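Read the structure below first, then the notes.
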Amino acid sequence: MIGSYVKTSGRSLMRHKLFSFINIAGLAVSMSVGLLVIALVSELLSFDEFHEKKDRVYRVITHDQRQGEPSMDLATTSLVAGRKIDTSLSGIEDLTLVRNGFSGDAKIGESVIPVSAVWADEHFFNIFSFPLLQGNPATALKEPYSLVLSEKMCKTLFGEVNVLGKSVLFDTTNYVVTGVVKDVPKNSHLRFDALVSFSSAKEHREADDVFNNWNHIWSICVYVLLPEGSDPATLQANLDKLSAAENAHLDRRTISLELQPLKNIVLGKALGNQIGPVMRPMALYFFEGLAFIIILSAGFNYTNLSIARSMRRTREVGIRKVMGALKYQVGWQFIVESTIIALMALLIAFLLFLFLRVQFLSLDRFLSDLVSLELTPRMMFYFVLMAIVVGFGSGLLPAVFFSRINAIQVLKGTSALRIFRHVNLRKALIVVQYCFSLIFITTTLIGYNQYKSFLTFDLGFNTAHILNIRLQQNKEELIKKELAEVPEVGAISVSRIVTSLGSLQGSQMKYKDLNDSIVVWLNFVDEQYLPLHGHKFLAGKNLKALPEGAEESEVVVNEQLLRRFSISPEDPTKALGEVVTIDKKKLTIVGVVKDFHYGTVENSIEPMALRYSAHEPWGYINAKVTTKDWPATRARIEAAWKKVDKVHPLDAKFYDDQIEDAYRMFATMIKVIGAIAFLAVCIASLGLFGMVVFTTETRLKEISIRKVLGASEGRLIYLLSKGFFFLLMLAAAVALPFTYFLFDKVILVNFVYHPALGYAELAISLASVTLIALLMIGSQTLKVARANPSEVLKNE
């Protein structure tokens, strides 16, 4: 029976080559997108699967709720929380503390090599299955200044892996290699080249009151291992009690702890202070949704063309039933046929996938860092399974349709199935396909316009020709001295962070010793920073330079800070001389600048304070560069850098380029949606082309008779195409208002600053789809309208 199904299906495919080509091409294009998403999902789900105890490992995350402000969700918590969980709470088999951010230059003899590592305590290897090639996992991270290196880092530093007992100098401290760990696989959320014993960090910070506070929640990751068979809800209840007890000592602030399963870290909720790569579930759902819609559209083509050819296939079905075929046997014939088409499309789709994989990973550096999309046996199994599911789904409706036909229907010539009284199924499918196409095209156009507006938005200060150079722990005075010798470099300033890119640094601020305090965003800058960036002073003066070691006493604030604390917001000059408390320091307001964007422009402007501190380390040099030959200028700047730092490569980017990088995820999403829009239009147009070909073929005699009776070519083209254009206009009437509403009321409300939506995007979308449809319809209707009636009717 199966052999008969396959043989009959093959004959049907060869008999209708054009329709078979349309179905295979449409499914191949759509399934290639499906293969890409399957590969992405498969690899993301494999993260942290190699840990033997993965089902019992949880991370403790933090929810920081301040009165009147939205909750801040963090992947980190406090050292105090980690210690109390370890010593005070029952139901825990083991616990480890991990701290991100160890970075320094390893000195081996005369060689200096940058190393990125994390701190981890002695219980690390009890919880995580990172195989130690050398060393004792129970003691490798126990003593202060112990160091565990990866294979790759061992070879980089020493040229071999047998390095136990050797020393590595960081700054002025020697660290002893106590273990060698196998290189961390890419599907691990924890990635490191080296592990430093957590007790090393405690040596420096044990007496630090801030580091040992319950509310210092910014740096420690706590992982717990639950006993086998235990209920996480029991531990969660104990965490709630611990939080309640500690929060009693806080003012207008609550810090709550929550367990997060290890398997949910990479595909979990959006958290601050993440350690390792993550992808938001919404982004994954987005990719999955797009793939589903594209595959659904291609499946519609198969269903549409299969039912459209019903008049020709009813005879086949009728004969089968006369010969004794049952309903399910007729149905399986069409399901097998569609599955064969899907498997044939899979071969082409796989070749397209190999091409798309490279393009997808090159869209964004984040994607290539997160996944590699390498083929695995499990992934290949999913590919074949998807083809079978798509084939079964595409053939299901035609199978049901044809299996219900009986001999009487064949004699009556029934050729259409209506799902409602006045709605033809084939027309409904065409409308849905073009709805998808219009939505994708309009989304691409609107998204691109919004993205361009972000890049050109007035941030409230100048960014043109400013080159931001990361200091990488070098002395700013040395770098400034060398840069001053470069002719193209003008004014130079230094700052802790580069604003408007998404980097944030905040602190609590109080005014007039009131109990109420709020978080203000900070940047530490020198006296050249505000003039260099063109900040506009509304009142007061600039910060003054401080000699090394001097205590700061001044602060420059923005308008929003005056409004939040009601410090004469209508007249900024009256705010001068007022004293505020930031980081327990009394600072006098000496200047008020016009509001500017500290974060990215989708966020509202918040209270902001600019400070000059002789104790805080600088992060960047900001240099005004004027040049007509950037490669030559960069070479000179790089040479100046090398005079001070021969180890680290120059890390310098123009401000405008950094702003573009800050919104690269928007650009990536636009590129993906644009590509999907192109595929959706192609697939819908293929289906429309098939429907037009079939319609014109079945109406060929009618057209010939009309032409004999005097109908003009223009009139015939109108008669043949008006139905399809009506469907297109119906799709536009549904898709365009829906897309406009979606952006205006759902998506763009999350962006505080964005340009108003216009109607140009809607008009361009409709015009482009209409033009493509016109080409599909016109090419065939014109051919039929120009056919010689005598050739068509000579045998009648």
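Only one of the numbered conditions (1) in a helix (DSSP H, G or I); (2) outside the structural domain of Leu429 (by TED's automatic domain parsing) is not met by Met691, and that is (2).
For the stretch 576-635, filtering for residues that are over 31 Å from the mean Cα position of the chain (by Cα) and in a loop (DSSP other than H, G, I, E, B) leaves 16.
For the stretch 34-49, filtering for residues that are in the same structural domain as Ile388 (by TED's automatic domain parsing) and assigned to a loop (DSSP other than H, G, I, E, B) leaves 0. Being in contact with a helix residue (DSSP H, G or I) (Cβ under 8 Å, 6 or more places away or on another chain) and either more than 28 Å from Lys671 (Cβ to Cβ) or not assigned by TED's automatic domain parsing to the domain that holds Ser20 (or both), is that true of even one residue in the stretch 370-380? Taking every residue of the stretch 370-380 in turn, at least one turns out to be in contact with a helix residue (DSSP H, G or I) (Cβ under 8 Å, 6 or more places away or on another chain) and either more than 28 Å from Lys671 (Cβ to Cβ) or not assigned by TED's automatic domain parsing to the domain that holds Ser20 (or both).
Pro227 fulfils the conditions (1) surrounded by 15 or more Cβ atoms within 10 Å (Cβ to Cβ); (2) modelled with pLDDT of 85 or more except for a single criterion, (1). Of all residues in the stretch 534-568, those satisfying the criterion of being in a strand (DSSP E or B) and not polar (S, T, N, Q) are Phe537, Leu538, Ala539, Gly540, Glu554, Val555, Val556, Val557.
Taken as a whole, the condition of being touching a residue at least 24 places away in the same chain (Cβ under 8 Å), hydrophobic (A, V, I, L, M, F, W, C), touching a helix residue (DSSP H, G or I) at 6+ places or on another chain (Cβ under 7 Å) and crowded, with 19+ Cβ neighbours inside 10 Å applies to Val222. Selection over the stretch 237-270 of residues that are hydrophobic (A, V, I, L, M, F, W, C), modelled with pLDDT under 85 and surrounded by 14 or more Cβ atoms within 10 Å (Cβ to Cβ) gives a count of 0. For the stretch 113-126, check the following and say yes or no: at least one residue is buried (at least 19 other Cβ atoms within 10 Å of the Cβ), closer than 27 Å to Val161 by Cβ and among the β-branched types (Val, Ile, Thr). Yes - at least one qualifying residue is present in the stretch 113-126.
Anything in the stretch 743-763 that is part of a helix (DSSP H, G or I) and either assigned by TED's automatic domain parsing to the domain that holds Ile605 or farther than 20 Å from Asn603 by Cα (or both)? List them, or say none. Within the stretch 743-763, Ala760, Glu761, Leu762, Ala763 meet the criteria. Pairs meeting the criteria (first residue in the stretch 264-277 and free of Cβ contacts under 8 Å to residues at least 60 places away in the same chain, second residue part of a loop (DSSP other than H, G, I, E, B), beta carbons under 8 Å, at least 6 apart or on different chains) are Gly268/Val278. Against the conditions (1) within 22 Å of Gln274 (Cβ to Cβ); (2) modelled with pLDDT of 95 or more; (3) of a type in the set (A, V, I, L, M), Ala201 satisfies every one except (2). Residue count for the stretch 50-89, restricted to those that are of a type in the set (Asp, Glu) and part of a strand (DSSP E or B): 2. One residue alone among Leu546, Leu532, Leu522, Leu561 is assigned by TED's automatic domain parsing to the domain that holds Asn622 and modelled with pLDDT of 95 or more, and that residue is Leu532.
Which of the residues spanning the stretch 705-722 are surrounded by 13 or more Cβ atoms within 10 Å (Cβ to Cβ) and under 48 Å from the mean Cα position of the chain (by Cα)? Ile717, Tyr718, Leu719, Leu720, Ser721, listed by residue number.
Of Glu702, Glu761, all but one fail to be more than 50 Å from the chain's Cα centre (by Cα) and either surrounded by 15 or more Cβ atoms within 10 Å (Cβ to Cβ) or over 24 Å from Cys682 (Cα atoms) (or both); the exception is Glu702. Does Gly104 satisfy the criteria of being over 27 Å from Leu257 (Cα atoms), surrounded by 14 or more Cβ atoms within 10 Å (Cβ to Cβ) and within 34 Å of the chain's Cα centre (by Cα)? Answer is yes for this residue.
For the structure I just gave you, tell me whether Asn273 is modelled with pLDDT under 95 and under 26 Å from Leu45 (Cα atoms). Spelling it out, Asn273 is indeed modelled with pLDDT under 95 and under 26 Å from Leu45 (Cα atoms).
Just to be sure, is Phe192 assigned to a helix (DSSP H, G or I), under 29 Å from the mean Cα position of the chain (by Cα) and either at negative phi or buried (at least 18 other Cβ atoms within 10 Å of the Cβ) (or both)? So Phe192 does not fit the description; no.
Where strands (runs of 3 or more DSSP E) fall wholly inside the stretch 438-531, the ranges with 3 or more residues that are hydrophobic (A, V, I, L, M, F, W, C) and touching a residue at least 40 places away in the same chain (Cβ under 8 Å) are 466-470, 489-495, 517-524.
The values are calculated or read from the model by the stated rules, or taken from the named source; none is laboratory data. Since the model is a prediction, treat every value here as computed from it, not as a measurement. Positions of Cβ are generated from backbone atoms using ideal geometry, with glycine treated the same way; all protein chains shown enter the neighbour counts.
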